[in-house]
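The values are calculated or read from the model by the stated rules, or taken from the named source; none is laboratory data. Because the structure is predicted, anything quoted here is derived from the model rather than measured. Positions of Cβ are backbone-derived with ideal geometry, glycine not excepted, and every protein chain shown enters the neighbour counts.
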């Protein structure tokens with residue numbers, strides 16, 4: 001058997017292996033075909049996915065869509081240009097990133113969007129409950145939010161929150 005024949009035969013066998021478990025009625029998109037190939041050829045049997053605490057969001061995205069919408073509302077209503085994650089990047093004040101920043105009549109102003117899930121709203125969550133995404137209790141998140149607010153105000157900023 002020549003080398004060329006062996007290569008063709010090997011490729012044909014691999015193609016046959018792949019085709020055997022591809023169901024044209026189940027795998028109707030390219031993504032589902034790729035996932036099926038991955039599951040049958042590379043994923044070890046009886047394994048599960050380990051999802052990271054940040055749910056694959058990574059460290060780059062530090063803002064929520066709601067916070068940007070609120071800042072855009074304030075920007076439109078008050079006719080001020082607010083620096084935020086999508087407009088010049090979040091302003092850094094020491095170890096903290098501010099959701100929004102602007103100088104109003106020479107006074108530095110910080111905008112902080114404190115939603116219930118990331119900053120612990122006492123009406124929505126019990127302090128002892130565990131926030132799996134953040135990896136800590138809601139009480140700790142609330143204390144951290146209060147410490148950030150105090151630091152911002154002690155730095156001479158006007159703090160506006162929602």
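For the condition modelled with pLDDT of 90 or more, touching a helix residue (DSSP H, G or I) at 6+ places or on another chain (Cβ under 9 Å) and outside any loop (DSSP other than H, G, I, E, B), what is the one hit in 102, 74?
On the way: 74 fails: touching a helix residue (DSSP H, G or I) at 6+ places or on another chain (Cβ under 9 Å).
The conditions single out 102.
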Exercise. When the residues of region 93-113 are filtered to those that are touching a strand residue (DSSP E or B) at 6+ places or on another chain (Cβ under 8 Å) and surrounded by fewer than 18 Cβ atoms within 10 Å (Cβ to Cβ), which remaining residue is nearest to residue 69 (Cα to Cα)?
Worked result: 97
Problem set entry | Failed condition for residue 131, given (1) loosely packed, with under 14 Cβ neighbours inside 10 Å; (2) over 19 Å from residue 98 (Cα atoms) | (1)
For this session: Give me a count of the residues in region 107-147 that are in contact (Cβ under 8 Å) with a residue 40 or more places away in the chain and more than 21 Å from the chain's Cα centre (by Cα).
Result: 4
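To keep it simple, each residue is scored yes or no on (1) closer than 27 Å to residue 132 by Cα; (2) assigned to a loop (DSSP other than H, G, I, E, B); (3) modelled with pLDDT under 80; (4) under 28 Å from the mean Cα position of the chain (by Cα).
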| position | (1), (2), (3), (4) |
| --- | --- |
| 11 | no, no, yes, no |
| 19 | no, no, yes, no |
| 28 | no, yes, no, no |
| 33 | no, no, no, yes |
| 36 | no, no, no, yes |
| 51 | yes, yes, yes, yes |
| 54 | yes, yes, yes, yes |
| 57 | yes, yes, yes, yes |
| 60 | yes, yes, yes, yes |
Problem set entry | Leading residue by the ranking (modelled with the lowest pLDDT) among those in region 119-145 that are touching a helix residue (DSSP H, G or I) at 6+ places or on another chain (Cβ under 7 Å), part of a helix (DSSP H, G or I) and under 18 Å from residue 62 (Cβ atoms) | 119
